[in-house]
Amino acid sequence: MRPDDLGAVEIVFLDEHEARQYAQDRSRDWRVLATTVTRFMVGQLGTRHPVAWFVDGEEQPARKARPGKLYPVADAGSV
């Protein structure tokens, strides 16, 4: 998640520990607001569940408010 960037990059790991390490490290990158680890079953709808999320290398509480806008909103000047 970046402050002015919409979309996401998804990387599939076979090991949750490896996914957590990668997300924790990437959350320290310049202009990255947060990273998330999600568990899911390939080919099975409705199985995506958040596992962990990180800001500046620190795991965040599950219910803490996420940084940035959840949905893109057009500026009044660009409409």
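Computed quantities for the displayed model
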{"quantity": "Karplus-derived HN-Hα couplings along region 56-62 (A = 6.51, B = -1.76, C = 1.60, θ = phi - 60°), whole Hz, x at Gly and Pro", "calculated": "6, x, 10, 5, 9, x, 3"}
{"quantity": "Built amide H within the under 5 Å cut-off of ARG28, gap 5+", "calculated": "GLY57"}
{"quantity": "Amide proton proximity set for ALA52, modelled H, under 5 Å, gap of 5+", "calculated": "VAL37"}
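No value in this document is a laboratory result; all are computed from the given coordinates. Keep in mind it's a predicted model, so treat the numbers as computed, not measured.
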